[in-house]
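Chemist: Got a structure here, written out as structure tokens. Questions coming.
The values are calculated or read from the model by the stated rules, or taken from the named source; none is laboratory data. Predicted, not measured: the structure shown is a model, and the values here were computed from it. Don't worry about glycine lacking a Cβ; one is built from the backbone with ideal geometry, like all the others, and counts go over all protein chains shown. Ligands, DNA and RNA are stripped out before the accessible areas are found, and what is left, the full protein with its side chains, is counted by its heavy atoms. Shrake-Rupley method; radii C 1.70, N 1.55, O 1.52, S 1.80 Å.
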Amino acid sequence: MTMNLPKTVAAYIEAVNNHDAAAFIALFAEDAVVDDVGRTFRARAAIKAWSDREIFAAQVTLEVLAVADREGQTVVTTKVDGNFDRTGLPDPVIIDHHITAQAGKIVGLTCRLAGEKPGGLAK
């Protein structure tokens, strides 16, 4: 399925799928914040450590299922695959990536299981 993704968001997906850690971290503003299922990583150094460990070491790939603009964010729904512990996760693993970009850089990324809201869980 072909989606019309904003340039920065398309580059994010491409960097993950190409296992290109350098391109991935270059997409983030120096003071960016990542919230990955309630765990917060602030600034590029912490985001790099998180992504090296949890995206690139696990060889994660993302299949884009849907994209929407919500309250200044691009929300990309993806099917996630890779070599990671799936204990307690649904099958398939569907993640919403809430991406806030400014001037071509990601300033905020929140990742949640599809249907969960940032800041709280779906009921």
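Chemist: Determine whether Gly104 is touching a helix residue (DSSP H, G or I) at 6+ places or on another chain (Cβ under 7 Å) and surrounded by fewer than 16 Cβ atoms within 10 Å (Cβ to Cβ).
Modeler: Details: touching a helix residue (DSSP H, G or I) at 6+ places or on another chain (Cβ under 7 Å): yes; surrounded by fewer than 16 Cβ atoms within 10 Å (Cβ to Cβ): yes.
So Gly104 passes the test.
Chemist: Would you be able to tell me the number of residues in segment 1-44 that are modelled with pLDDT under 95 and either in contact with a Pro (Cβ under 8 Å, 6 or more places away or on another chain) or open to solvent by less than 30 Å² (accessible area, probe 1.4 Å) (or both)?
Modeler: Within segment 1-44, residues that are modelled with pLDDT under 95 and either in contact with a Pro (Cβ under 8 Å, 6 or more places away or on another chain) or open to solvent by less than 30 Å² (accessible area, probe 1.4 Å) (or both) number 0.
Chemist: Which residue pairs have Cβ atoms under 9 Å apart, sit 6 or more places apart or on different chains, and have a first residue in segment 76-95 that is in contact (Cβ under 8 Å) with a residue 40 or more places away in the chain and a second that is surrounded by 14 or more Cβ atoms within 10 Å (Cβ to Cβ) and of a type in the set (Asp, Glu)?
Modeler: Once the first residue is in contact (Cβ under 8 Å) with a residue 40 or more places away in the chain and sits in segment 76-95, its partners that are surrounded by 14 or more Cβ atoms within 10 Å (Cβ to Cβ) and of a type in the set (Asp, Glu) give Val76/Asp96; Thr78/Glu63; Thr78/Asp96.
Chemist: I need the full set of residues from segment 51-62 which are surrounded by fewer than 20 Cβ atoms within 10 Å (Cβ to Cβ) and within 23 Å of Gly115 (Cα to Cα), in order please.
Modeler: Answer for segment 51-62, where residues must be surrounded by fewer than 20 Cβ atoms within 10 Å (Cβ to Cβ) and within 23 Å of Gly115 (Cα to Cα): Glu54, Thr61.
Chemist: Turning to a different aspect of this structure: Pairs, please: C-beta under 9 Å, at least 6 apart or cross-chain, first residue more than 15 Å from Gly38 (Cβ to Cβ) and part of a loop (DSSP other than H, G, I, E, B) and in segment 99-114, second open to solvent by 20 Å² or more (accessible area, probe 1.4 Å) and of a type in the set (D, E, K, R)?
Modeler: Gly104/Lys7
Chemist: Just to be sure before I move on: is Val107 over 22 Å from Asn4 (Cα atoms), modelled with pLDDT of 95 or more and touching an Asp or Glu at 6+ places or on another chain (Cβ under 8 Å) in the structure I sent? First the steps, then the outcome.
Modeler: On the way: over 22 Å from Asn4 (Cα atoms): no; modelled with pLDDT of 95 or more: yes; touching an Asp or Glu at 6+ places or on another chain (Cβ under 8 Å): yes.
Against the criterion (over 22 Å from Asn4 (Cα atoms), modelled with pLDDT of 95 or more and touching an Asp or Glu at 6+ places or on another chain (Cβ under 8 Å)), Val107 does not qualify.
Chemist: Considering segment 12-29 alone, what residues qualify as being outside any loop (DSSP other than H, G, I, E, B) and farther than 16 Å from Ala66 by Cα?
Modeler: Across segment 12-29, the qualifying residues are Ala15, Val16, Asn17, Ala21, Ala22, Ala23, Phe24, Ile25, Ala26, Phe28, Ala29.
Chemist: Right, another one. Can you tell me how many residues in segment 3-29 are more than 20 Å from Gln73 (Cβ to Cβ) and charged (D, E, K, R)?
Modeler: Here the count works out to 1.
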